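Only the coordinates and a few stated rules stand behind these numbers; no lab work does. Remember, predicted model here, so these are calculated numbers, not experimental data. Here the Cβ is made from the backbone with ideal geometry for all residues, glycine too, and neighbour counts use every protein chain on show.
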Amino acid sequence: MTAKPKMSAKNVGVSYNGKVALSEVSIDFLEHDVISLIGPSGCGKSTFLRCLNRMNDTIDGCVVSGEIQLDNYNIYSSEIDPVEVRARVGMVFQKPNPFPKSIYDNICYGPRIHGMANSRDELDEIVEWSLTSAGLWEEVKDRLNEPGTGLSGGQQQRLCIARSIAIHPEVILMDEPCSALDPIATAKIEELLGQLRSKFTIIIVTHSMQQAARISNRTAFFHLGELIEEGKTDDIFTVPKDERTQSYITGRIG
Amino acid sequence: MDNEHIVTAFDDDLNNLQNKIVEMGGLVEKQLLDSIDALLKFDLAAAKEVVLHDNHIDNLELEIDEAIVRLLALRSPVAADLRSIISCTKISCNLERIGDYSKNISKRTLALSDTGNLPLMGSGPLKTVSKMAEIVQSMIKNVLDAYIEKDATKADDVRAKDEDVDHIHSGLYRELLTYMLEDPKNITLCTHLLFVSKNVERMGDHVTSIAEHVHFMVHGKIPEESRIKRDNSSSAYV
Amino acid sequence: MINPMPKSIDRGPNLSAERFVKRYRSEKCFKYLGLFAIGIALSMLIVLTSSIIFKGHSAFWQTHIAIDVQITSEDVASISNANFRGITRTSIRSEFPEVKSRRDKKQLYKLFSNGISFEIKEYFFKNKIQSGGIYRVWVKASADIDMLRKGFINRDLEETNRRISDKQLKWYDQLDQEGRIEKKFNVTFFTAADSREPEQAGILGALVGSILTLFITLILSFPIGVGAAIYLEEFAKKNYWSDLIEVNINNLAAVPSIVFGLLGLAVLLNWFGMPRSAPIAGGAVLALMTLPTIIISSRSALKAVPPSIREAALGMGASRLQTMLHHVVPLAMPGMLTGAIIGMAQALGETAPLLMMGMVAFIVDVPGNLTDAATVLPVQIFLWADAPERAFVERTSAAIMVLLLFLVTMNLVAILLRKHFERRW
């Protein structure tokens, strides 16, 4: 029985000012999957990730072709507002970027602008749930009014994750979320991802193949702007079908 | 894959491991030849040598184990590299067992020295055992080539050869039983020869196992067709 | 294993002492040059400030003469009807009964400021005097007496070369001996508008005019400038037209200010018919002049906000406007305020465009609203610098001090505002 994919990309291509960065990428993302996108630098995985929540719209000269569907709606159709897409598909970035506001205000910014809470109490609840889900509540519950930028790198990244789950997105995109963090902070976030997958679909771009192997159940390998191979993580890392995938994951190219 | 790892030290480690396997395989081949030779010529000194030299094979297995643990810890291998390294554990294990069988053959040769020159020496059964050993020796050589060249087809051919070894062993089993029935004085010699034959047949099985692991190393799964067992000595009744 | 370096270039770094000495010597040289430049700048500043203070400090003191005013109870009862001019002159003459001739009387009256009758009226009115009698009232001396008191008039010159006659000198000395001449703090300087008489002249009119004009400038240029910067930076498409606009804005910042005065004259006064010499017209012209500065500094403040903040906000599903207003603009506010400070400081000191707009008139009233005729501090300074009376020299320097103080206060307020907005990220 094939489950209906949560998001699917069909023949997606991206070019920057005429220069092709990504061509003919088709891939399905099932609900509650954790999918890693791996590949050498410049292979287009970050570009593809940014297509999934229309963040490429903010870049001048970027042209996206093809279709990306979220629950049967093509997110690139002219009737769909990119703001709505981004409320349903959240994003966590490589370098932790909390707003220069208090921890409380960081979390409740999203719920405020999307009208998710009717009272201060409801906002408090949302903040507590988000921080608890992100594994940060115990560490910051006594200092919610302190600036978010005063936390350590790992805590800041968990704050960013809490911020993005506060608006209950359906899919969370992560662009190398641990690359700026030390191994302990990385491990904490990987543990967190393991717990978050019960509620969200997670698509994560990573440079570390060990991380992809640890946390994801499906992996997609990109190279020179093309999707080379996609499948179960177990298979990709034990019996990859494509020669190029093999070369990359064993450290022969890249 | 012909191309090398970006980190060349990784390639050096893998080559080192491969060399050790090849060395072990060469030693095992030699032990087999020497032990059969010692049996045929009834050369007790040579048999003693074979028993002693088994140490080298055991030491090599330990070295290979250490190298594999190190590679796994430090290089985090995946895909073909991982399969290759895991296969090496199995292959070295199998080679060590083959070495043990050669030692066992030589021990039996030494045991036979007590019985003196017996009429069966130099005749049929010994020739049969020698022929079996030849096949097994060529199988060992071919499987090692298949391992170095990462040629699954060659490995599959080796696997097929085991059929012949099994067949010969079944025939010899019956023959020896007949001799034992004819004349009780033959029992000691024939019993030892039975075990020698069984050892060689088991060696063939281990080489087949190595061949299956080479196939796994290349293709990522063991061969689909199950081994053809022509050894029906377990159900032989005379 | 890396290849060995070719022998011809295989030298280690040159760590010889002479190389280091040369390096540190040029560093020391540069440091001393810098200190020297700062020293010169500081000494210039000290020289300038001290010369202004030296010339202007005496303006804060005004010579007063005490008169014993004789007033009847009827006059006290109806102050508004009483003839204070007569009362004043009578009281003065009673001090010097020997003065008889018309000419001498004229000279006697000239010892005092010509507005003292109003001063005396003011005195009786403010102190609610109920009964008649003789009251000692301190009134302002004339500008010439003031200059004499402050030592700017040389007594040794011949009478024909002096502004004060010998007779006046005699009367002055007499009053002085009686202890009836004193210098008091010159409150008039801060409470009166411009006047032909130096002792009655004050800067309040110009100060209020400056404040009103700057107020108009600020409320016109800051929102429009910031809004234009936000639009150009975030919403406008990057094409030929936006490049053209950017080039033009940069050029406008360098246009001589008098050209803006011409623009104001032609468009605001002639076309729109704004009241000439009013703060609203002057403020509008200065706003036009300040806009390019504010737009340029606001744009670079906006550019300096790290894109990670924008991406974080957009990633949360905020629209572009929400991203700008909730996140980017508050972070860029310190830079924008800096631009505003620079712009306002420039506008405060601008004289040329306002002269073109006609704010050079002689205004004796303190402006009450935005459409009353007014003048501004720089123009007032210009007018007083041109005036022939000796007393205006010190008042010009005093007015410069007030202008500088105003500027410093304005900057302090803006810096405090900026500190309030500054955040670490």
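Proximity of backbone amide H atoms, modeled 1.01 Å from N, is registered between A:TYR76 and A:ILE68 at under 5 Å, excluding neighbours fewer than 5 places apart on the same chain.
In this structure, the pairs whose alpha-carbon distance is over 27 Å, taken from B:LYS30/B:LYS107; A:LYS45/A:LYS241; A:LYS199/A:LYS241; A:LYS232/B:LYS141; A:LYS19/A:LYS241; C:LYS238/C:LYS419, are A:LYS199/A:LYS241; A:LYS232/B:LYS141; A:LYS19/A:LYS241; C:LYS238/C:LYS419.
Going by a ≥ b ≥ c, the root eigenvalues of the Cα gyration tensor, does the stretch C:4-84 fall in the rounded group (a/c under 1.5), the prolate group (a/b larger than b/c) or the oblate group? Show your work: numbers first, answer last.
Working: a/c = 12.10, a/b = 6.00, b/c = 2.02.
It is prolate, given that a/c is not under 1.5 and a/b is the larger ratio.
Of the two radii for chain C, the radius of gyration is 1.17 times the Kirkwood radius, both from the alpha carbons; that is the Rg over Rh value. Compared with the dominant Cα axis of chain B, that is its longest principal axis, helix B:187-219 is turned about 20°. Of B:ILE105, B:PHE195, B:LEU82, which is farthest along the charge dipole of the stretch B:2-235 in the positive direction, counting Lys and Arg as +1 and Asp and Glu as -1 at C-beta? Value computed over the given set: B:PHE195. Dipole check for the stretch A:1-91: with +1 at the C-beta of Lys and Arg, -1 at the C-beta of Asp and Glu, and the Cα centre as origin, the magnitude is about 240 Debye.
Ordering C:PHE362, C:PHE382 from the fewest to the most neighbouring beta carbons within 10 Å gives C:PHE362, C:PHE382. With a simple spin-label model that places each label point 7 Å from the Cα along the Cα-to-Cβ direction, the separation between B:LYS141 and A:SER152 comes to 6.3 nm. You can think of it this way: the chain between A:GLU31 and A:LYS4 has 8.9 nm of extra reach, that is 0.36 nm per residue less the Cα-Cα gap. Model label points for C:ILE258 and C:LEU45, set 7 angstrom from Cα along the Cα-to-Cβ axis, are 3.1 nm apart. Modelled label positions at B:GLU225 and A:GLU128, each set 7 Å beyond Cα in the direction of Cβ, lie 6.9 nm from each other.
So if each residue of separation counts as 0.36 nm, and I subtract the Cα-Cα distance between C:ASP365 and C:ARG390, what length gain in nm does that give?
6.7 nm
Between A:GLU84 and B:ALA160, the C-beta separation translates, for a Förster distance of 56 Å, into a calculated FRET efficiency of about 0.30. Per-residue 3J(HN,Hα) values for the stretch C:365-378, derived from phi via the Karplus relation 6.51 cos²θ - 1.76 cosθ + 1.60 with θ = phi - 60°, read 9, 6, x, x, 9, 6, 9, 6, 5, 8, 10, 10, 3, x Hz in sequence order (x marks Gly and Pro). Backbone geometry of the stretch C:337-344 corresponds, through the Karplus equation with coefficients 6.51, -1.76 and 1.60 at θ = phi - 60°, to 3J(HN,Hα) couplings of 5, 4, x, 5, 4, 4, x, 5 Hz, x marking Gly and Pro.
Among C:MET359, C:MET289, C:MET316, the residue with the largest mean-square fluctuation in a Gaussian network model of chain C, with springs joining Cα atoms closer than 10 Å, is C:MET316. Think of the stretch C:204-421 as having a plus end and a minus end, set by charges on the Cβ of Lys, Arg, Asp and Glu; of C:ILE296, C:LEU407, C:GLY349, C:ILE296 sits farthest toward the positive end of this dipole. When Rg and the Kirkwood radius Rh are both evaluated on Cα atoms of the stretch C:58-186, their ratio Rg/Rh stands at 0.99. Is the stretch C:204-421 best put as rounded, prolate or oblate by its Cα gyration tensor, with a ≥ b ≥ c the root eigenvalues, rounded for a/c under 1.5, and otherwise prolate when a/b is larger than b/c, oblate when not? Prolate, because a/c is 1.5 or more and a/b exceeds b/c.
Any idea what the dipole of the stretch A:141-204 comes to, in debye rounded to 20, about its Cα centre with Lys/Arg Cβ at +1 and Asp/Glu Cβ at -1? Please list the in-between numbers first.
On the way: 7 positive and 8 negative charges, 48 e Å.
So the magnitude is around 240 debye.
Length available on full extension from A:ASN74 to A:SER119: 0.36 nm per residue minus the Cα-Cα distance, which gives 12.8 nm. Helix C:116-126 versus the longest principal axis of chain C: what is the Cα-based angle in degrees, 0 to 90, to the nearest 10? Compared with the principal axis, the helix lies near 80 degrees. Less than 5 angstrom separates the built amide H of A:HIS223 from those of A:ILE228, all sequence-distant by 5 or more or on a different chain.
Gyration tensor analysis over the Cα atoms of the stretch B:2-235 returns equivalent ellipsoid semi-axes of 37, 20, 12 Å (largest first, whole Å).
Only helices enter the 222 nm calculation for chain B: every DSSP H run of n ≥ 4 contributes -39,500 (n - 2.57), and dividing by all residues gives -29000 deg cm²/dmol, rounded to 500. Legend: calculated FRET efficiency, C:LEU169 to C:LEU355, from the Cβ-Cβ distance at R0 = 41 Å, rounded to 0.05, equals 0.50.
Taking the Cα centre of chain A as origin and charging only Cβ (+1 Lys, Arg; -1 Asp, Glu), how large is the dipole, in debye to the nearest 20? Walk me through the numbers on the way to the answer.
On the way: 26 positive and 34 negative charges, 77 e Å.
For chain A, the charge dipole is close to 380 debye.
The angle between the Cα long axis of helix C:391-421 and the longest principal axis of the Cα atoms of chain C comes to about 40 degrees, rounded to the nearest 10. Beta bridges assigned by DSSP with both partners in the protein assembly as shown are antiparallel in approximately 70 percent of cases.
Less than 5 angstrom separates the built amide H of C:ASN186 from those of C:TRP61, C:GLN62, all sequence-distant by 5 or more or on a different chain. For the stretch B:88-105, putting each phi into the Karplus relation 6.51 cos²θ - 1.76 cosθ + 1.60 with θ = phi - 60° gives couplings of 4, 4, 5, 5, 5, 4, 4, 4, 4, 5, 4, x, 4, 5, 4, 4, 4, 4 Hz, in residue order, rounded to whole numbers and with x for Gly and Pro. Here the calculated FRET efficiency for C:PHE406 and C:GLN322, from their Cβ-Cβ distance with R0 = 41 Å, stands at 0.60, rounded to the nearest 0.05. Working note: Cα atoms of the protein assembly as shown, range along each principal axis, descending, whole Å: 182, 73, 52. Counting neighbouring Cβ atoms within 10 Å and putting the fewest first, the residues C:TRP171, C:TRP241, C:TRP384 line up as C:TRP241, C:TRP171, C:TRP384. Each Lys or Arg adds one and each Asp or Glu takes one away; over the other residues whose Cβ falls under 12 Å from the Cβ of B:GLU63, this sums to -4. Of the trypsin sites (Lys or Arg not before Pro) found in the stretch C:194-278, those in coil by DSSP whose Cβ has at most 11 other Cβ atoms within 10 Å are C:ARG196, C:LYS237, C:LYS238. Centre-to-centre, using Cα atoms only, the stretch C:222-273 and the stretch C:321-341 are separated by 20 Å.
Can you give the average number of partner chain beta-carbon atoms within 10 Å of each beta-carbon in peptide A:93-100, as a whole number?
Values: counts 4, 1, 3, 2, 10, 4, 10, 7.
Per residue, the number of nearby Cβ atoms from other chains is 5 on average.
The stretch C:164-193 and the stretch B:43-70 have their alpha-carbon centroids 125 Å apart. Give the shape of chain A as rounded, prolate or oblate, defined through the alpha-carbon gyration tensor: a ≥ b ≥ c are the square roots of its eigenvalues, a/c under 1.5 means rounded, and otherwise the shape is prolate if a/b is larger than b/c and oblate if not. It is prolate, given that a/c is not under 1.5 and a/b is the larger ratio. Post the alpha-carbon centroid distance, the stretch A:30-89 to the stretch B:1-33, in whole angstrom. The stretch A:30-89 and the stretch B:1-33 have Cα centres spaced 47 Å from each other.
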